[in-house]
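The values are calculated or read from the model by the stated rules, or taken from the named source; none is laboratory data. Source: prediction; values computed, not measured. We place every Cβ from the backbone using ideal geometry, glycine too, and count neighbours over all the protein chains shown. When the accessible area is computed, the model is the full protein with side chains, heavy atoms only, and any ligands, DNA or RNA have been set aside. Shrake-Rupley method; radii C 1.70, N 1.55, O 1.52, S 1.80 Å.
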Amino acid sequence: MSKTHKAWRLHAHHDLRFEDVDTPNPAPDGVLVAIEAGMVLSYMGRVMSGQVPYNLPPMPFVPGTNAIGRVIATGENVGHVRSGDRVFLSPHLRGDVPSAEPPQILIGLTATTPTPEALALQARWRDGVFAQVAHWPAACITPLAFLDDRPATELIALAKLIVPFGGLQRTGLRGGETIIVNGATGYFGSGAVMLAVALGAGRVVAVGRKQEVLGSLRDKFGPRVIPAVVSGDADKDLPIIRHAAGGHAHVALDLLGSAKSTSTTLSCLRALKRGGRLVLMGSADVPLDLSMREMLANDWEVVGQFMYERQAPGQLAALAAEGLLDLKQIQVTTFELADFKRAVDSAALMHGLDLTAVVP
């Protein structure tokens, strides 16, 4: 193992440098991973410029969240992976404390709630995946033993799917049910459509404004995907969504990113049957104007969901290993690690089933 490796480090907003950094020995609860493919978020450029007001790790730090790699070395307290294992790196780290609300961060990106405990966790695990080597907490490492024959540029699709997978699990979707996916043309929404089909939904109502993209999802995943092209006009959108759902849907998942209106979200809620559940994972900038009378009359449940459960990456990987989920449906564009800045520009143009990754 080399004593140094290459990494992109953010020293300040707009100050990103490709540097030689020391390769650490793994902490007792840490794992050293040789990165094979790292996912680039569509808004990574805006994060690094400060346009997105995230609570970034102490600078300088290596940005980047999810990756596929191989274990180089493990800490003395790590037992579920060993050197040579192919693994999935998740950024969602929770404090290992007996608390109903443990601190949590997204490694290489943000502390979601900047409490002193979360900031201390972030200071310890600040560096992300845009490097040749990552030092990662064992709690966020999932082995991919049954997918070891797949290329990393295929397996990185797990990084696009894991967030909507967490949302779908929270909906409680059952086989044969109808689900509405709001924001289906977006980065995570398109993945949710793909996953809902794989999980056995009887009908997947794909809600969005881009008819061509919605049509391509139907072409790719079959007749169970029903496009619902909306405009943001609630009076017109609700009957369109209800018609696509065949009356009323059982559950809905909202994945709209940085929406300026929640009109379509409300239309999706109103398209649910009595007792339906709406799971919110989007990032709207305005409130959701709910009537308590309407909520009570319909026994609706509205739930917020951040990320996914700790065991979810392994469950998602199992779907792919068993042939229930075709990761090749994700359209991956790769860049060499040294071309990371071009990768960031490319990622900003992604839509639908696109994914941008860097490969050291």
I want to check the label-to-label distance for Ser283 and Arg310. Put each point 7 Å from Cα in the C-beta direction and report it in nm to one decimal. 2.6
Sort 244-256, 135-147 for me by packing, meaning the mean count of neighbouring Cβ atoms within 10 Å per residue, highest on top. 244-256, 135-147
Select from Ala184, Ile240, Leu144 the residue farthest towards the positive end of the dipole of the chain; place +1 on Cβ of Lys and Arg, -1 on Cβ of Asp and Glu, and compute about the Cα centre. Ile240
Applying 1/(1 + (r/R0)^6) with R0 = 22 Å to the Cβ-Cβ distance of Ala321 and Arg224, what FRET efficiency is obtained, to the nearest 0.05? 0.45
Once both axes come from the Cα atoms, what is the angle between helix 312-321 and the longest principal axis of the chain, in degrees from 0 to 90, rounded to 10? 80
Please give the FRET efficiency for Arg209 paired with His248, using the beta carbon to beta carbon distance and R0 = 22 Å, rounded to the nearest 0.05. 0.45
Among beta bridges that DSSP assigns inside the chain, antiparallel share in %, nearest 5: 55
Number of Lys pairs in the chain with C-alpha atoms less than 28 angstrom apart, excluding same-chain neighbours closer than eight positions? 20
Between Ala234 and Leu290, take the C-beta separation as r, use R0 = 22 Å, and let me know the FRET efficiency to the nearest 0.05. 0.95
At 1.4 Å probe size, put Arg70, Arg82, Arg342 in order of accessible surface, largest to smallest. Arg82, Arg342, Arg70
With a cut-off of 8 Å between alpha carbons and a minimum separation of six or more residues, what is the relative contact order of the chain in percent? 17
Candidate cut points under trypsin sites (Lys or Arg not before Pro) in the stretch 1-60, DSSP loop plus at most 13 other Cβ atoms within 10 Å of their own Cβ, are Lys3
Label point 7 Å beyond Cα of Asn25 along Cβ direction - residues of the stretch 124-142 with amide nitrogen under 17 Å: 135-136
Amide H of Val52: which non-local residues (sequence gap of 5 or more, or other chain) have their own amide H closer than 5 Å, using H built in the peptide plane? Val47
Taking the stretch 204-360, the whole-percent share of alpha-carbon pairs separated by over 29 angstrom is 29
